[in-house]
Structures are given as structure tokens and as C-alpha cells.
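The structure appears below as C-alpha cells.
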Amino acid sequence: MNIYEQQEENKKNTVILLVIFVCFFLFLGLGFDFFILGWNVNQTQLKSTYDPVTATYSAKVVEQHFVPFGTIIALIVGCIASFSGYRNGKRLVLASTGAYPANPDDPQEKIFINIVEEIAIAAGLPKPVAYIVPDPDPNAFATGVDQDDSVIAVTRGLLDVMNREELAGVVAHEMSHIRNYDVRLMTTLTALVGAVNLISGLVTGGGSRRGYYRNRRRGNIPAVGLAGMPGGLGSRFGGAGSASGRGGAAGMPPYVMAILFVIWIIMIILAPMLSTILTMSVSRQREYLADATAAELTRNPKGLISALEKIYSATGPTTSIGKGIAHLCIIDPRGSYMEERSGAASDLMATHPPMQKRILALKAMAYQHPGA
Amino acid sequence: MIVSLIVIVVIGIWLMSMYNGLITLRNNVANALRQIDVQLKRRHDLIPNLVSAVKGEMKFEQETLEKVVQARAAAMSVKPGNMKDLAAKEGELTAALGRLMMLKESYPSLKANEEVNKLMEELTHTENQIGFSRQFYNDICTKFNTKQQVFPTNIFASMLGFKPEELWELPADSPERENVKVDLSF
């Protein structure tokens, strides 16, 4: 797959993601109306069979007229959430990590700002804003939905261990994610899936600049949220639904109702998980492409090789960066090395390909260009 | 009749998209060249500050400093549009600056000087930007030239007034091409 196909694919997938998100809310609302408020599809037919001549009957008909509040509200919420997720994804991601704009008066951060400028020139892109995550573990990520409004963030620990060449390799890797529109898809996904958790994190006061230690504690909240949010909603709806479900949907055998209800719940629980798993597996392919593009931009695969080796050998997890944005980072911030294991579970859940394979692919490139 | 009409329309559409593609690339090439100019200008502005910052400490390197100043003056006097000449003169300046940066390493007092370090980082940054903008220019230039030369575009490109652009190359005798001599005996 070349870069133009990759760009188109990412733009298309972002739109699909937004549509699916709204559809999911629609599905949620429809089910809510159907099972909990007792909206019966037959009621409209029922109304037409009544004779409107008799005054008493017509009063009853008005009573029967049903407004699908759940569907309407869910649709509005879904549209607003997906729009704001698309627009504010960058800010949410940055706030959740406690990142701050790099300070040009600090010599190390000045070098980082300079390197971002240099690589932007090499890639022919507008200059992204440089951010620093106050964390001692080396890691980096990029975010933003548009090429002229994107951010490259690195941890303070990365600046401490990298030399100029290695840092340039890392920045070039992130720059290629921006160029391929990977960050648009990933940022939107993060905002949509993690919106509820990130917002709740902000409300409890985690996302401030001082929030380093609070973030540390909050580290895996987005992960809980991925499965927890729909599960929680589902069980809440389930409790109410079983109580009023029989009364609500008249004219349908109870077992059909029960089966439909179970399918509804399962869909609600599984849909976000399935989409996450799908994105995770797709995101691994992107890493190889970003590595290759980084080597092409810097004409120096060795810089990135040495950078990846250094990042890899720092085994600690990046505590400021939650699991919810793992797929944005240059290496999985969980430090669990899910990607190093083989088997079905890691095939599904790992966000990155095995580091050894990435380094090997880059070494092959460096070998082809011994002069580099 | 209808068939020939369709063929003419298809060829017309193809010609249009080819022409527009070439125009876009040509503008990109011009823009990339201007980017190099911006960076070169930056370097010219930086040098006087750098020289005056290190002048006091590097009394014994007057010759090196003199060379940097002369190369800067020569590069700035190149007439705009003369790319070969500009590339040669800027190449000499790059070589002179590289020599200065190497010498700086042997002056511990300079290495400890915060102001000099700042300027040196600024210089490294500018040198890298010049390198990357040159690389970007050459990439996009190659793309433009290749597009003109492949079949069947090559039949029409020169008719429509498109010419291959010159890559930013160092002249064969440029000092920038010289191998860096590394002395490990100390």
C-alpha cells in the first residue's frame, strides 16, 4: 500500500467511524424506546383501526400516540458527541497526558522544537506544535485531525536519553503518521471511545499540568472505560427492561422479546470492543509504514534503529499515557509487551508489531543504503 | 461518429488532467526552491552573531573565521536565479562553517559558554533545515522531471512549454564534497 492509498483509506475510515458511532447511539436509543418505554411498532396500526367518530375512543388514540424520546435524544447526543470528538480529540488526548507546549528557553526542549521544524521541512508539511509529557519513561505520540493543526509530543524521559539523530528518527516516525492521516483516524477513535472516561477524568481534576501524579493513578482508566461504559449502560437498561419489558411490547411472544433483548444487550457490549480490536490490528500495519517513511525522510535509518532500541530497553510503563491512547504512541505505553507474545490474544489486542521485527525491517533498509 | 467523439472527449480530459498535474508540480518545485532560499537567508543572518560571539576566544583561528565571513559575502553576492553558482558558493560556506564547528570542540571555554552553545544549536538547526529543504526540493524536482519524461506525457510536455528543472547539486570541485579528515591522535 502506498502513501496516497493509505491517506485515502484513513480519511474514508474516519468518516465510517463517525457514522458507526452515530448508528450505535441510534441503536441504543431505539432499543431503549422499544424495551424500556414500551414503544410498540403495532401501535400506529392500532390507531388507524379505531373509529375516530366516537369521542371517547379518539381520546384514547391521542394517549397512545408515542414519541420516541430515547431515539431522538440518543441521535442528538450521538451527533454532538461525534462532532465534538472530531473537533476536540486533540485537546482531550493532550489533556489526558498532562502534556504542555515545549519551552524554547530550555536547551533540550529547544532542540526538540528545532528538530520538529526540520523534519516538517523534509516532509513538506506545516510545522506541528511540539509538546512535552512530563514522564521519565521514553515514549512519543502524535495527534490532531488536520495536517496544519497537529501536535507531536514526546516524554521528558525521551529527551533525556536521545541524541539529535535518534530524536530526529522518532519525530520523523510521528511526522509520517501525520502525513498518512493515521493521526486523524486514531485521534477521532480515541475521542469517541474514550470521550466519556477522559471527560470524567477531567471533571475529577486529572488533566491539569500539575496532574502528573494524579495521572499516574488514573493510568488505566480509559481501558476500564472501553468495556465498562457500554457494559454499565447495558446492565442499567437491562434491569429496567426486564421489569417493564413484558408490559411494554404487547402483541409479541415473550420469548421473542427476550431473544431480541439479549441480542440488543450483546450488540451494545460487543460493538465498541469489536471496533477497538479491529483498529488495534490495523494500527500495527501502520507502524511498519511509519518506520519506513521515517527512514526515507531522514535518509538515516540508523537514527531510528538506535532510538527504538533505546526505547525498547527502557522497560517501565509510561504512566502518564493511558491505555486509551496506546495506539497513538511509538511504543505501547503499557510496558506489558503484549506485542512480544504470539498467539490469538496478542494478535487481537497488541497495538504495535514486535519491536524486533520493526528493528529488523529498518536494518534491512540501512543495509541497502550503506552510505546513509 | 459517436465513437470518435468519445475518443476526442477522453483524450481532451486526459490532456487537461496531465496539464494541471504538471502545473501543480511546477509550482511545488518553485515553492520548494523558495524554501531553500529562506533557510539560506537565515544562515546568512546568523553568521555575524556567531562570529562575534566566538571571536574573542578563538584568537588563533583568525583564518577560519575570515574564511567564514568571506564565504558568506561571496554567497550573498550571487545573482538571484543563478542556481549553479549559488550552490557552489553556499557549498563553500557550509564547508567553512563545518570547520569552525569542529574547531570549537577544542575550546573548553567555548563549550561551557551558554550563549555560544545557543548559537551553535541554532547553526546546527539551520544547517539541517538547509539540508532537508534541499532534499525536499530534489525529491519534488525529480517527480516533476519524471512526470515530463514518461510516455505518453513526454510527447506533449515540451509542446506545452514544460522544461525539466535543475536539481540542487554540488559542483564536482565543491569543498563540501571533500572527505572530512579526522585526526584521532591525541
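The values are calculated or read from the model by the stated rules, or taken from the named source; none is laboratory data. Model, not experiment: these values are computed from the prediction. Every residue, glycine as well, gets a Cβ built from its backbone with ideal geometry; the counts of neighbours run over all protein chains shown. Protein only, heavy atoms only, side chains kept; ligands, DNA and RNA dropped before computing areas. Shrake-Rupley method; radii C 1.70, N 1.55, O 1.52, S 1.80 Å.
General observations
- Average beta-carbon neighbours from other chains, 10 Å sphere, peptide A:113-119: 4
- 11 Å beta-carbon shell around A:E166, net charge (K/R +1, D/E -1): +1
- A crude spin-label estimate for the pair A:S84 and A:D105, with each label 7 Å from Cα along the Cβ direction, gives 3.6 nm.
- Angle between chain B longest axis and helix B:83-104 axis [Cα atoms, degrees, rounded to 10]: 30
- Model label points for B:D37 and B:Y107, set 7 angstrom from Cα along the Cα-to-Cβ axis, are 3.4 nm apart.
- Between B:N117 and A:M267, the C-beta separation translates, for a Förster distance of 45 Å, into a calculated FRET efficiency of about 0.15.
- 5 angstrom amide H check on A:A102, placed H, neighbours 5+ away: A:A130, A:Y131, A:I132
- Integer Hz, Karplus 6.51/-1.76/1.60 couplings in order for segment A:170-179, x for Gly and Pro: 5, 4, 5, 4, 5, 4, 6, 4, 5, 5
- Couplings for segment A:16-29, taken from phi via the Karplus curve 6.51 cos²θ - 1.76 cosθ + 1.60 with θ = phi - 60°, read 4, 4, 5, 5, 4, 4, 5, 4, 4, 5, 4, 4, 4, x Hz in order; Gly and Pro are left as x.
- Between segment A:140-195 and segment A:70-119, the alpha-carbon center distance in angstrom: 10
- Between B:D45 and A:E5, the modelled label-to-label distance comes to 4.4 nm, taking each label 7 Å out from Cα in the direction of the beta carbon.
- Summed over both chains, the area buried between B and A is near 1200 Å², taken from the accessible surface of protein heavy atoms with a 1.4 Å probe.
- Peptide B:125-131 has a mean of 5 when you count, residue by residue, the C-beta atoms of other protein chains within 10 Å of its C-beta.
- Computed magnitude of the charge dipole of chain B (debye, nearest 20; Cβ of K, R +1, Cβ of D, E -1): 560
- Listed residues B:N20, B:G98, B:L86: farthest to the positive end of the dipole of segment B:2-169 (Cβ charges): B:N20
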